[in-house]
Amino acid sequence: MSDKASGEGIGQPVRRKEDFRFITGNGHYTDDITRPRQTWAYFLRSPHAHARIRAIDTSQAEQAPGVVAIFTGKHVAADKLGGLICGWTVSSKDGTPMKVGPHPILALDTVRYVGDHVAMVVAETLADARAASELIDVDYEPLPATISLDTCQNGNAEQVHPEAPRNTCFEWELGNKPETEAAFAKASRIVKLDLKNNRLIPNAMEPRAALGEYDKGSGIYTLHTTSQNPHVARLVLSAFVGVAPEHKLRVIAPDVGGGFGSKIFIYAEETACVWAAAKVGRPIKWTGDRSEAFLSDAHGRDHLSHAELALDGNGKFLALRVKTIANLGAYLSTFSASVPTYLYGTLLSGQYDIPAIYVEVDGVYTHTAPVDAYRGAGRPEATYLVERMVETAARETGIDPAEIRRRNYIRTFPHQTPVIMNYDAGDYEASLDAAMKAIDYAGFPARKSEAARRGKLRGIGMSSYIEACGLAPSAAVGSLGAGVGLWESAEVRVNPTGNVEVLTGSHSHGQGHETTFAQLVASRLGIPMEQVEIVHGDTDKVQFGMGTYGSRSGAVGMSAIVKALDKVEAKAKKIAAHLMEAAVEDIVFENGTFTVQGTDKSLPWAQLALSAYTAHGFPSADIEPGLKEGAFYDPTNFTFPAGCHICEVEIDPDTGITRIEKFVAVDDFGTIVNPMIVEGQVHGGIAQGIGQALLEHGIYDAESGQLVTGSYMDYCMPRADDLPSFTLGFTKTVCPSNPLGMKGCGEAGAIASPPAIVNAITDALGIRDIEMPATPARVWSAIQAATPRAAAE
Amino acid sequence: MPVVAMTVNGKPASADVEARMLLVQFIREQLGLTGTHVGCDTSQCGACVVHVDGRAVKSCTMLATQAEGAEILTIEGLAPDGDLHPVQKAFREHHGLQCGFCTPGMIMTAVDMIRRKPDLDEETVREELEGNICRCTGYHNIVKAILAASQEMR
């Protein structure tokens, strides 16, 4: 392999191909695209958490300057459009399917959260549309709102949907109840904890946007939108909403400025824009502002749990039982039912050999924005619960936190947990050891004493996490209620001049696929990376794809590329054999050259590519002209990234301010294609986890249902000076279930870090629990509550 | 409508604008320079930072008319065509960007920061970035890139 090729190969920190356009201001995000005769949409949103709409009078607004059209739920209903759907059906323990309230694109007679969509104004400019929206007279009858998770299932709580009594969408269970009860009966110790997993608001930096167009001549609709999965958007918009048949709808997700889950979902705004583009006969653009993003992007987390862990006399875990209430918001979002169930309950075994587990999850409706997948999706909630329980068990038994983990780690693989998952590979102690070494765990007592001399409280906390990624084997998810298969597709198109386009159903919105995927292809074909173009995000170019979420693009998306490359190589060898008059079994392909084994005959890649298209003298029965192959890859198992994060904090007892002194993350992601990019993914995940643990909280007023954290002045985003630099390390067990041995790295940081931080804070303060986010006010109050009055005086 | 005239990336730019038009709207919508981004509506995120007469300014915090006669520099004009500014180079070299949305504002802020404070250290960089929000990188590599560029430009 040439120096250049080895410098770009798998495992190299290749600088990103996509960066040039972003650092020079030449990216193309949805809002950057402008069309001739373009109009602007503005959505009038509900100011009430719950209200009946008696009437909507748009007559005055229609006369306002620049207004082109105004649409309400009646127009949508008149066109017989379907509502937005949830693509995953969860059943209750009694076997009944989840209870789904309708989710109209524009409200018909009821609004169910502050920010719910009431009308769309289309006008010549955004300012015109916004001004006109204020002239729409909506006659609301305000109704009481159900906000709190504590009380939403009470008999007297206001109903969000008549279809779901007690606001309960499903009462799901997983695991083995009798075995769990039996294990608890013989336990020598039971550790109990009530835990809240705070509501988060995703906040990708690019607000959601859409540009809908309709071409009258062809009848084709085109939607540019901020999506992590444009093909899924097209499928939902055609098959379920009925905007247009699939072959008459093109969905393009161009450069997308971050997603973190929130851009998986199909929302009302893009649906309305593309539908109405045909009505007004002009392109319609909508770009959400940050306030709209806070109100209407799907939120994340928001669990209330009670957990109990049974131990024997040696600190060995016997059983775990969990009861969780999970907020689904006012409507089911695209994948919301799967998040607190199959992405949560299935990870409650953590890294531990727990013989019996039983979990019950009630998915409940409230008059708040829909809750769906946000970075980690279910797995952070599971990890938080497990790692807080393990830490509490360590403290109650007096066993060192590292030691109690060691006593319970799974050590043989494959390992079947009591909650569906079959872990394929891992070495949990290796990451624990590496993380303890990196943070100098043994030196902590000395650092704690030193801090105490300065009047500061120092604490250390760890988290041994596992996640299920590489979503997912289609048969497995199908049996669990998914409405889609979770394979991925790829197509490798070799051009006559030898350069290559790779079409992938994965979608990059920050992950660097244009680089990592090109690294794979270039090293496999022995050509420079600049001769490889990664094409994604356009349903007219890529035939189909499931998109990017759940840390799946490496393990699933790249596996599809490997499969397509296998086919390309097989055909190329056939052509090479023909051209060099040899048997195909004797052809060797290495470093971009085809050779006939045992001879000096060779053929470079570019010459073969050209020959594939000139096709002169091909035996037509045996070899078709051209060199283009596609593949669909369906994973055989989930992948199981795992690792250990350790956090050391110092708290100022006078102010309650927590400083993260050191944060160490040691992760096992299997094979790493580009360590620079992987480290970047871990950094970003940890930052979001620190945000959850210390800063971020989506709060609704319990009475009015107003979102009180609806801007960057109220919702505390992590800023540069809130965070430390991170210390990263990697261990490696190869994933046996995909060709490259990859596990996925996108969510680990957000999954692992919150419990490590809270374990550190509670260690520093010597308290049992503190609610996230552990703000200075909460920490200070905890210190006051724990301090005997005499000492304070 | 008032007429506003300024210099943008070395070229004269003028237009009739609504009095309420923000500088960022003038740059994006009037001039089609879409490298400057809008990430919030409360002047918190810094995605829209440009240079006005050599100083970093959030272009959503001023009206286009307030930039009358000013020299505006946007991300597109930071380096001559085909070349990169040392800060742009450092962001690529140190993987200081992921989705790229906050990046133009980050880079324009960093250039101004390095000009004002030639002896940057990590703590100062982190304090100075208070007005720029990134959701992807955890700032780790942004801080690294700015420190490296600052060394390079010394």
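The values are calculated or read from the model by the stated rules, or taken from the named source; none is laboratory data. In this text the structure is predicted, and so the values were computed from the model without any measurement. Ideal geometry is used to build each Cβ from the backbone, glycine not excepted, and the neighbour counts take in all protein chains shown.
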Going through segment B:91-130 in order, the residues found to be at the interface with another protein chain (Cβ under 8 Å from one of its Cβ atoms), free of Cβ contacts under 8 Å to residues at least 40 places away in the same chain and not in a helix (DSSP H, G or I) are B:GLN98, B:CYS99, B:GLY100
Take A:ARG166 and tell me if it is part of a helix (DSSP H, G or I) and not assigned by TED's automatic domain parsing to the domain that holds A:ALA55. yes
Reported set for segment A:109-127 where residues are over 31 Å from the mean Cα position of the chain (by Cα), of a type in the set (Val, Ile, Thr) and surrounded by fewer than 24 Cβ atoms within 10 Å (Cβ to Cβ) is A:THR125
Of the residues in segment B:16-34 that are over 17 Å from B:GLU71 (Cβ atoms) and assigned to a loop (DSSP other than H, G, I, E, B), the one that is nearest to the chain's Cα centre (by Cα) is B:THR34
### Query
Is it the case that some residue within segment A:735-747 is in contact with a helix residue (DSSP H, G or I) (Cβ under 9 Å, 6 or more places away or on another chain), crowded, with 22+ Cβ neighbours inside 10 Å, within 14 Å of another protein chain (Cβ to nearest Cβ) and not in a loop (DSSP other than H, G, I, E, B)?
no
Flagged in segment A:684-727 as farther than 25 Å from A:ASP769 by Cβ, within 7 Å of another protein chain (Cβ to nearest Cβ) and more than 20 Å from the chain's Cα centre (by Cα), in numbering order, are A:SER711, A:TYR712, A:MET713, A:ARG719, A:ALA720, A:ASP721, A:SER725, A:PHE726
A:THR397 meets each of (1) polar (S, T, N, Q); (2) under 22 Å from A:ASP194 (Cβ atoms); (3) crowded, with 20+ Cβ neighbours inside 10 Å with one exception, condition (3)
Screening B:ALA5, B:ALA13, B:ALA79, B:ALA47 for residues that are among the aliphatic types (A, V, I, L, M), surrounded by fewer than 21 Cβ atoms within 10 Å (Cβ to Cβ) and either within 11 Å of chain A (Cβ to nearest Cβ) or in a loop (DSSP other than H, G, I, E, B) (or both) leaves only B:ALA79
In segment A:532-557, anything out of contact with any His (no Cβ under 8 Å at 6 or more places or on another chain) and either under 25 Å from A:VAL339 (Cβ atoms) or at pLDDT below 95 (or both) is listed as A:GLN543, A:TYR549, A:GLY550, A:SER551, A:ARG552, A:GLY554, A:ALA555, A:VAL556
Given the conditions (1) closer than 25 Å to A:HIS28 by Cα; (2) within 7 Å of another protein chain (Cβ to nearest Cβ); (3) surrounded by fewer than 22 Cβ atoms within 10 Å (Cβ to Cβ), every one holds for B:GLY138 apart from (3)
Within segment A:483-500, of all residues that are more than 16 Å from A:ALA572 (Cβ to Cβ) and not hydrophobic (A, V, I, L, M, F, W, C), the one surrounded by the most Cβ atoms within 10 Å (Cβ to Cβ) is A:GLU488
Pairing a residue in segment A:562-587 that is in contact (Cβ under 8 Å) with a residue 24 or more places away in the chain with any residue that is crowded, with 16+ Cβ neighbours inside 10 Å and among the hydroxyl-bearing types (Ser, Thr, Tyr), where Cβ atoms lie under 8 Å and the two sit 6 or more apart in sequence or on different chains, gives A:VAL562/A:TYR633; A:LYS563/A:TYR633; A:ILE575/A:SER611; A:LEU579/A:SER611
Counting only residues that are in contact with a His (Cβ under 7 Å, 6 or more places away or on another chain) and assigned to a loop (DSSP other than H, G, I, E, B), segment B:131-148 contains a total of 2
